1. Return the long-range amide H neighbours of residue 32 (sequence gap of 5 or more, or a different chain), with a cut-off of under 5 Å between placed amide H atoms.
2. Could you state the orientation-averaged shadow area of the convex hull built on the Cα atoms of the chain, in nm² to one decimal?
3. Give me, ordered by chain and number, the residues 5 or more places off residue 84 or on other chains with an amide H under 5 Å from its own placed amide H.
4. Mind checking the log10 I(q)/I(0) for the stretch 10-57 at q = 0.14, 0.17, 0.26 Å⁻¹? Debye, one equal scatterer per Cα, no solvent, two decimals.
5. Once fully extended, how much extra length lies between residue 36 and residue 80, figured as 0.36 nm per residue of separation less the alpha-carbon to alpha-carbon distance?
6. Using modelled amide H (1.01 Å from N, peptide plane; none on Pro or chain starts), what sits under 5 Å from the amide H of residue 121, excluding residues fewer than 5 places away?
7. Which value at 222 nm does the chain reach when only helices count, each DSSP H run of 4 or more adding -39,500 (n - 2.57), with the total divided by all residues and rounded to the nearest 500 deg cm²/dmol?
8. Tabulate in residue order the Karplus-calculated ³J(HN,Hα) for the stretch 36-51, using 6.51 cos²θ - 1.76 cosθ + 1.60 with θ = phi - 60°, rounded to whole Hz; enter x for Gly and Pro.
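The values are calculated or read from the model by the stated rules, or taken from the named source; none is laboratory data. Just so it is clear, the structure is predicted and the values come from calculations on it, not from any experiment. FYI the Cβ positions are ideal-geometry reconstructions off the backbone, even for glycines, and counts take in every protein chain you see. Just so you know, the surface numbers come from the protein's heavy atoms only, side chains and all, with ligands and any DNA or RNA stripped out. Shrake-Rupley method; radii C 1.70, N 1.55, O 1.52, S 1.80 Å.
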Amino acid sequence: MLIRHEDLGRDMSRYLVDQIERNPDIEVLRCTEVRELVGPNGVLEAVVAEDNRSRERHRLPARLLFVFIGAEPCTGWLSASVALDDHGYVRTGAAVDAASPDRVPAVDGPASFLETSRPGVLAVGDVRSGSIKRVASAVGEGAMAVRLVHEHLARTGRTAGT
């Protein structure tokens, strides 16, 4: 496991850190970044990793690569479009500010569970304020979103693709 800095707990939940630290099969390479993916015809065989202190590079065998981007919502670009909470997570459902200039409750109705301050725009998974921050929850919310989109389209007299 490669992390770009020293502190494994900086960007992930404590329970994950504890599981990783207790597992003898996981080696954590700190201050290390992936610089290259190696393999023919799009098939991963190795990654080239660089120690960001010494600049030393190593080729590490790998058949899969999972990139964990951390627990920061990175939603600053959305702030002019949808309501965010104090930590930058997208407000949805009951957390949506009824006074939002984008939402007219008498016309739009109350925001659905996954609906943002902008009617018809949904947010699911970790980016959503108050979410559980677990993969299974995000998958479930994504499945719910499909139904909510159809309900929104029906309520507004539209159909998918229009």
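1. 3, 4, 5, 52
2. Orientation-averaged projected area of the Cα hull: 13.2 nm².
3. 91
4. For the stretch 10-57 at q = 0.14, 0.17, 0.26 Å⁻¹, log10 I(q)/I(0) is -0.52, -0.72, -0.94.
5. Length gained between residue 36 and residue 80: 12.3 nm.
6. Placed amide hydrogens put 116 under 5 Å from residue 121.
7. That comes out to -6500 deg cm²/dmol.
8. Using θ = phi - 60°, the values come out as 7, 9, 10, x, x, 6, x, 9, 6, 10, 6, 10, 9, 10, 10, 6 Hz.
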